[in-house]
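Here, each number is a calculation from the coordinates, and none is a lab measurement. All of these numbers come straight from a predicted model, not from anything done at the bench. FYI the Cβ positions are ideal-geometry reconstructions off the backbone, even for glycines, and counts take in every protein chain you see.
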Amino acid sequence: MNSTIQQSTGELHRAIEAGDLAAVQAALTAGADVNGMHGDWAPLHRAAATGDSTMVRILLEAGAELEQIGAGGWTPLHRAAKLGHEAVTTLLLEWGANVEAVGIDGWTPLMRAAMLGQEGTGRLLIAAGANLSTANGAQKWTPLHWAAFSGSHALAEALLLAGADAEANPGGGLDPKGLAMHYGHDHIVELLDAHLEKSGE
């Protein structure tokens, strides 16, 4: 990367972090590399983290790579989902982002959303066909495990309604109910009990 492109790419990253759309456009016009990394992140990762869907669209239209890998093997969709940015998540999915993208730690975007109880982005990923039974690498927890961990009743309910296995235990440790009990989320325990009782009728 020559010095001019490198400078304009640095300006692009700074403009994204500042939320300055005009400066983003100026940096791109000046020849910034729309996929140029700065630290562990590409411009689209940074824009996804801001929640600014207009900025994300500008970068996509300029040729930003949907599946570019950043820190932890995360794609821009991982970042948007984790931070609860629904408009950005919707836009990335509309452009064809891989809902099953897996980071080096085995996390999918849905797991990231569930871990932090991000109901909105979680529902979007479920609607987009995210796998409900995939388990991450370390804990071997499914998205429902992570919803139980975070205590998100709304997301746990959405996962169950979409067909998530309430008794999933791929790692041989705690199932979602056991995890909810461990973290004191009685409302999740009640939800799971009610679901299991109904499904057993």
Practice task
State to the nearest 20 debye the size of the charge dipole of the stretch 1-122 about its Cα centre, where the only charges are +1 on K and R beta carbons and -1 on D and E beta carbons.
Solution key: 140 debye
Handout entry: Rg in Å to one decimal, and Dmax rounded to a whole Å, for the stretch 132-201 via C-alpha atoms
Key = 10.8, 35
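Give the shape of the stretch 84-126 as rounded, prolate or oblate, defined through the alpha-carbon gyration tensor: a ≥ b ≥ c are the square roots of its eigenvalues, a/c under 1.5 means rounded, and otherwise the shape is prolate if a/b is larger than b/c and oblate if not. Kindly include the intermediate steps, with their values, before the conclusion.
Details: a/c = 2.28, a/b = 1.13, b/c = 2.01.
Because a/c hits 1.5 or more and a/b fails to exceed b/c, the stretch 84-126 counts as oblate.
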Practice task
State the extension gain, in nm to one decimal, for the chain segment bounded by E167 and T29, taking 0.36 nm per residue of separation less the distance between their alpha-carbons.
Solution key: 44.3 nm
Handout entry: Selection from G72, G129, S8, by position along the positive dipole direction of the chain (Cβ)
Key = S8
Handout entry: Ranked packing of 186-192, 148-154, most packed first, by mean Cβ within 10 Å
Key = 148-154, 186-192
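Please compute the volume of the convex hull spanned by the alpha-carbon atoms of the stretch 51-201 and report it per residue in Å³.
It is 91 Å³ per residue.
For the stretch 1-64, just run the numbers: alpha carbon Rg, then divide by 2.2 N^0.38 Å, N being how many residues it has.
For the stretch 1-64, the normalised Cα radius of gyration is 0.95.
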